[in-house]
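The values are calculated or read from the model by the stated rules, or taken from the named source; none is laboratory data. For clarity, every value in this text was computed on a predicted model and none was experimentally measured. Here the Cβ positions follow ideal geometry from the backbone for every residue, glycine too, while neighbour counts run over all protein chains shown. Quick note on the areas: whole protein, heavy atoms, side chains included, nothing else; ligands and nucleic acids left out. Shrake-Rupley method; radii C 1.70, N 1.55, O 1.52, S 1.80 Å.
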Amino acid sequence: MNTYLIEYTDEKFAEVAPKKAVKAYLEKLCSVLELKNVEYSVTFCDEEYIRNLNKDYRNIDSSTDILSFAAEDSEEGFDFIVPKKAKRNLGDMIICLSVMSTNAKAFSVSETEELSRLLIHGTLHLSGLDHKTNDMETEPMLIKQEKLLKEIGLIC
């Protein structure tokens, strides 16, 4: 069984992304991705919060829709030693709901669709995938993201 820690920097964000719905969606996603015995967190925040993280960790002084912080870095050349019964910690994702809402309007999709896309996107990053551009036609991770969105559907 997987564990998902869902947090809010403001409880009003729970109206847009209820814990029960987010956890159910992540469980479905991890099942399709065959991610078993993992744990990770999802924090829903405002623009100031994500902007500060983006500035501190990426030297980019602007807000964004999602940041992912993977707990493991496979390029280091070593594996973390984890007891057999312990869950594998994938890391943390931070989602800014106001930027998500702005992007949904810009892309002419519902907020529900964009939230679903971000949960998939962040999970793919935490599971070790990355992309160099945001080209939905050529980037393998983004192609996989859209395929998963069609296969799993939208968060309820």
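Filter region 86-116 down to the residues that are of a type in the set (A, V, I, L, M), in contact (Cβ under 8 Å) with a residue 24 or more places away in the chain and not in a strand (DSSP E or B) and list them by number.
Leu97, Val99, Met100, Leu115, listed by residue number.
When you look at Ser98, is it open to solvent by 10 Å² or more (accessible area, probe 1.4 Å), modelled with pLDDT of 95 or more, on the phi > 0 side of the Ramachandran plot and not hydrophobic (A, V, I, L, M, F, W, C), yes or no?
Against the criterion (open to solvent by 10 Å² or more (accessible area, probe 1.4 Å), modelled with pLDDT of 95 or more, on the phi > 0 side of the Ramachandran plot and not hydrophobic (A, V, I, L, M, F, W, C)), Ser98 does not qualify.
In region 33-57, how many residues are of a type outside the set (Phe, Trp, Tyr), open to solvent by 60 Å² or more (accessible area, probe 1.4 Å) and in a helix (DSSP H, G or I)?
6
Pick from Glu7, Glu15, Glu11, Glu47: which is in contact with a strand residue (DSSP E or B) (Cβ under 7 Å, 6 or more places away or on another chain), of a type outside the set (A, V, I, L, M, F, W, C) and farther than 27 Å from Ala86 by Cβ?
On inspection, the qualifying residue turns out to be Glu47.
On the given criteria, is Lys20 assigned to a loop (DSSP other than H, G, I, E, B) and over 14 Å from the mean Cα position of the chain (by Cα)?
When the stated conditions are applied, Lys20 does not pass them.
Is one or more of the residues making up region 10-29 open to solvent by less than 80 Å² (accessible area, probe 1.4 Å), modelled with pLDDT of 95 or more and in contact with a Lys or Arg (Cβ under 9 Å, 6 or more places away or on another chain)?
No, there is no match, as no residue in region 10-29 is open to solvent by less than 80 Å² (accessible area, probe 1.4 Å), modelled with pLDDT of 95 or more and in contact with a Lys or Arg (Cβ under 9 Å, 6 or more places away or on another chain).
Return the residue satisfying two criteria in turn: it lies in region 58-70 and is assigned to a loop (DSSP other than H, G, I, E, B) and among the small types (Gly, Ala, Ser), and of such residues it is farthest from Arg117 (Cα to Cα).
Ser62
Taking region 101-154, which residues are farther than 22 Å from Lys28 by Cα, surrounded by 14 or more Cβ atoms within 10 Å (Cβ to Cβ) and polar (S, T, N, Q)?
Selection gives Ser101, Thr102, Asn103.
List every residue pair whose Cβ atoms sit under 6 Å apart, with the two residues 6 or more apart in sequence or on different chains, where the first one lies in region 11-24 and is in contact (Cβ under 8 Å) with a residue 12 or more places away in the chain and the second, anywhere, is part of a helix (DSSP H, G or I) and open to solvent by less than 100 Å² (accessible area, probe 1.4 Å).
Matching pairs, first to second residue: Phe13/Leu97; Val16/Leu97.
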